[in-house]
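To start, the structure itself, in structure tokens.
Quick note: the coordinates plus some simple rules give every number you see, no bench work behind them. Predicted model, so just to flag it, every value in this text is computed and none were measured. Reconstructed Cβ throughout: ideal geometry from the backbone, glycine too, with neighbour counts over all protein chains shown.
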Amino acid sequence: MEKTQNNKAWFLVLPVLVLVAFSAVLPLMTVVNYSVNDTFGNNEFFWTGLEWFEEMVTSDRLWDAFGRQMLFSGIILLIQIPLGIFIALNMPKSGFWASFCLVLMALPLLIPFNVVGTIWQIFGRVDIGLLGHTLAAMGIDYNYTNDPLDAWITVVVMDVWHWTSLVALLCYAGLQSIPQAYYQAARIDQATRWSVFRYIELPKMKGVLLIAILLRFMDSFMIYTEPFVVTGGGPGSATTFLSIDLAKMATGQFDLGPAAAFSLMYFLVILLISWVFYTVMVNMDREDAK
Amino acid sequence: MSRITLSNLAHSYLANPASDADFALKQMDHVWDDGGAYALLGASGCGKTTLLNIISGLVRPSQGRVLFGDRDVTDAETSARNIAQVFQFPVVYDTMTVRDNLAFPLRNRGMDAAYIARRVDQIARMIGMEDRLNRKARGLTADAKQKISLGRGMVREDVNAILFDEPLTVIDPHMKWELRTQLKDLHREFGHTMIYVTHDQTEALTFAQKVVVMHEGRVVQMGTPEELFETPAHTFVGYFIGSPGMNLLDAEITGSEAHLQGVSVPLGAVYGPTTGRTQIGIRPDYVTVSDEGLPFTVKRVEDVGRHRIVRAEFQGQPLSAILPEGSSVPADPRLGFAAGKINVYADDWRVQPTTVPGGA
């Protein structure tokens, strides 16, 4: 039978296309434009080619920020993922306390980022903050505005406080979907607690866990607001992560060319890492099915 | 291996059971002999699975004790009971290979590797999966997974009992027969106590030496398939076992005769006075259809292959009779009851005759 060829349905995609063009593609193209030109205002542009990119790739400042960024994302993943799993495993499975825990866990996720920053900024202050003052009273030399290590600890603890809930909630959802029969079979087979986790809970949680890792990686890699509010990237540049550095460069120093080149590379790095991660995920899935 | 005693046992899923109806298992005393092959038969929801889970320790009974031999295990964890259980739906460890799945219970007991390898090969041969031992369990068909579950249930030689909870539901009919035969062989070879839950009477009768029939949370009868057929202790056993089930007719009993709306039927035994609703029960196999006897109405005749079933009405009550191969329904059909094969029930429970005439 002859099929009618009618591709008019493509027009239905048009509104989305227009919307995305205005909201993402065009702004991105502006950035591309800045990255290959030099400008002194007045909309006058001078072609520079890849100069800005070369400058950025060889910039120590950028590599330092990149190093700090990787370290930060690594640390928070190492803390939040195991901690999230641990919390999910120990949450009540049903009843009033289950709902109570869920609400409690969701609270940090509902707080706006800059408020989280403000909370910790004040919480950690030695003069009026509960945490800072208590630590000082205990004789611990803690001051996140002077000491790079204290600043790091504060930023990491704040991120753990803010985001571990997300990991825990995702894992909890994964755990809840495991049929009771699996636990019963494990008891019959005399499996240890560890075996139950290793062979039942972890495999069943794998899907949500990979999503949690991906989300947490991307989010932490782009972190800006909270550390900016707490430490402003300091002391010195100890907590200047990529976003903070980028903002300093673009709006602080008004180096639009280098900042544009920087942000394009930043974007590509995130894209690349996410793609690698996604591919690994899908391959693991396929291998398992063999 | 040991004898399993359920003493004064009852279970309710409610925290504060008020009446008898709140109990999933009514109070019972029951003994499972060491090395017996039992079938636990009953309609869905009658408490079979609950009883099984209490034996394996997955459920703690609300009252009573569970004893393995002389050891009280009521409060013992499942893992401490060393018991195997196969569930209705397959449970496999997805990320493990078939081999690791089968070896899992042995590894958890810390058996040595050489023994595990030998035992796993043996079990794999039994369930017909020796060619797939090295593949991941994930992605196998439901019946392959269930075979792994069965294999995991049978892999330990020193278990106190093996419990099967309708294990062949997802297996296709041909394989069902084969696996059931293998379970019987296994029982003969190793002498494990086996309790096999099912609601399929054929499965129960072919598997077990003793069949335990449950009804509404009670064990109503335990006996050989023959006992269940000839002398059902409860009307439920009567109609649940046999195809079609036992005919039950309201009657009044005096001595050795039953009176059915003016018609007297000899019982072949003498009964004392009965109380409550009195019925006589007779298997369709023992109802004869000929041109002599009591009048009745034939509704229809079903051909089931080896014999035919006459569906009829007798004194306004439904009645079935089995017509042997080769015979036919006469023009003016009458029915007769084989005297020694009639059981008497008062309020659904079988009444023992006071005397049985010699040679009957």
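Stokes-Einstein D for chain B at 25 °C, 0.890 mPa s, Kirkwood Rh over Cα pairs, in µm²/s? The Stokes-Einstein estimate is 107 µm²/s. Per-residue Cβ neighbour counts within 10 Å put B:149, A:274, A:23, B:62 in the sequence A:23, A:274, B:62, B:149, beginning with the fewest. Taken residue by residue and averaged, Cβ atoms of other chains lying within 10 Å of the Cβ of B:107-117 number 1. For chymotrypsin sites (Phe, Trp or Tyr not before Pro), the sites in the stretch A:1-54 that DSSP calls loop and that have at most 11 other Cβ atoms within 10 Å are A:40.
Counting helices only, and only those DSSP H runs with n ≥ 4, report the 222 nm mean residue ellipticity of chain B as the sum of -39,500 (n - 2.57) divided by its residues, in deg cm²/dmol to the nearest 500.
My calculation for chain B gives -7000 deg cm²/dmol from helical runs alone.
One Cα centroid belongs to the stretch B:290-360, the other to the stretch B:159-179; the line between them spans 35 Å. Label point of residue B:118 set 7 angstrom out along Cα-Cβ; within the stretch B:176-207, amide nitrogens under 20 Å from it belong to B:186-187, B:189-192. Taking 0.36 nm per residue of separation and subtracting the Cα-Cα distance, full extension of the segment from residue B:142 to residue B:306 would add 55.7 nm.
For residue B:261 and residue B:210, the FRET efficiency from 1/(1 + (r/R0)^6), where r spans their Cβ atoms and R0 equals 45 Å, is about 0.70. Directionally averaged projected area (the protein assembly as shown, Cα convex hull): 49.8 nm². Computed from backbone phi, the HN-Hα couplings of the stretch A:80-86 come to 5, 5, x, 5, x, 4, 4 Hz, rounded to whole numbers (Karplus: 6.51 cos²θ - 1.76 cosθ + 1.60, θ = phi - 60°; Gly and Pro given as x). For the protein assembly as shown, the share of DSSP beta bridges that are antiparallel, to the nearest 5, is 80%. FRET efficiency for the residue A:32 to residue A:4 pair, using the beta carbon distance and R₀ = 41 Å, is estimated at 0.50. Annotation for residue A:24 and residue A:100: the two label points, set 7 Å from Cα along the Cα-Cβ direction, are 4.3 nm apart. In this structure, the pairs whose alpha-carbon distance is over 30 Å, taken from B:299/B:341; A:93/B:210; A:93/B:184; A:206/B:147; B:48/B:299, are A:93/B:210; A:93/B:184; B:48/B:299.
The alpha-carbon of residue B:145 sits under 12 angstrom from the alpha-carbons of these aspartates and glutamates, leaving out residues fewer than 8 places away in its chain: B:94.
At q = 0.11, 0.15 Å⁻¹ the log10 of I(q)/I(0) for the stretch B:95-234 amounts to -0.46, -0.79, computed by Debye summation with a single uniform scatterer per C-alpha, solvent ignored.
Per DSSP H run of at least 4 residues, take -39500 (n - 2.57); add these up for chain A, divide by its residues and hand me the 222 nm value, nearest 500 deg cm²/dmol.
After summing the helix terms and dividing by residue count, I get -22000 deg cm²/dmol.
Entry note: the stretch B:158-207 has Rg to Rh equal to 0.95, where both radii use alpha-carbon atoms and Rh is the Kirkwood radius. Taking θ = phi - 60°, what integer Hz values does the Karplus form 6.51 cos²θ - 1.76 cosθ + 1.60 yield along the stretch A:266-276, in sequence order, with x for Gly and Pro? Going residue by residue, I get 4, 4, 5, 4, 4, 4, 4, 5, 5, 5, 4 Hz, with x marking Gly and Pro. Partner shielding of B:88-94 amounts to 5, given as the average count of beta-carbon atoms from other chains within 10 Å of each residue beta-carbon. Among B:46, A:101, a tally of other beta-carbon atoms within 10 Å of each Cβ gives an order, fewest to most, of A:101, B:46.
Taking R0 as 25 Å, what FRET efficiency do you get between residue A:107 and residue A:279 from their Cβ-Cβ distance, rounded to the nearest 0.05?
0.10
Which shape class, rounded, prolate or oblate, goes with chain A when its Cα gyration tensor gives a ≥ b ≥ c as root eigenvalues, a/c under 1.5 marks rounded, and past that a/b bigger than b/c marks prolate? It is oblate, given that a/c is not under 1.5 and a/b is not larger than b/c.
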